[in-house]
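The structure under discussion appears below in the form of structure tokens.
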Amino acid sequence: MTLTVRLKPDLETALELHCAERGVSKSLVVQEVLAEYLVRAHSRRKGRRAAAAAASMPAEPSDNYKAFERLGLIGAVCGVGPADKAGVRAAFDRWAEAKRKSWAAAAQGVAPGKIRKPQPKRKPG
């Protein structure tokens, strides 16, 4: 891409002197300076966005966040991988199954994990 830039005479002289002393082209100097400028501008914008996001965050996590954290659903799902929908569903299904077994055991008057399985009826033979 070709870009034409108008410079004030003193800036033009400084650029020519700088390029002559270092043996580089004006184009290279302008490209490097522009790249640095854009990186700094991007960093400042990101910093402002991060500061604004941090300022808008509540001081304490919500009850929902705490509940998900207790269930191990924040960040990653144990034994399943990342906390994507499939991982969260699998963890929830495991949790729900454990709860169901616990409730069934309580209904039978048995300690959790010790659920009595019904014995198949034997045919007299």
Single condition residue 53 does not satisfy, out of (1) modelled with pLDDT under 80; (2) over 27 Å from the mean Cα position of the chain (by Cα)
(2)
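Residue-by-condition table, conditions (1) modelled with pLDDT of 75 or more; (2) outside any loop (DSSP other than H, G, I, E, B); (3) not assigned by TED's automatic domain parsing to the domain that holds residue 3:
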{"residue": "21", "(1), (2), (3)": "yes, yes, no"}
{"residue": "28", "(1), (2), (3)": "yes, yes, no"}
{"residue": "32", "(1), (2), (3)": "yes, yes, no"}
{"residue": "38", "(1), (2), (3)": "yes, yes, no"}
{"residue": "44", "(1), (2), (3)": "yes, yes, no"}
{"residue": "72", "(1), (2), (3)": "no, no, yes"}
{"residue": "88", "(1), (2), (3)": "no, yes, yes"}
{"residue": "92", "(1), (2), (3)": "yes, yes, yes"}
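The values are calculated or read from the model by the stated rules, or taken from the named source; none is laboratory data. Treat the numbers as computed from the prediction; the structure is a model and nothing was measured.
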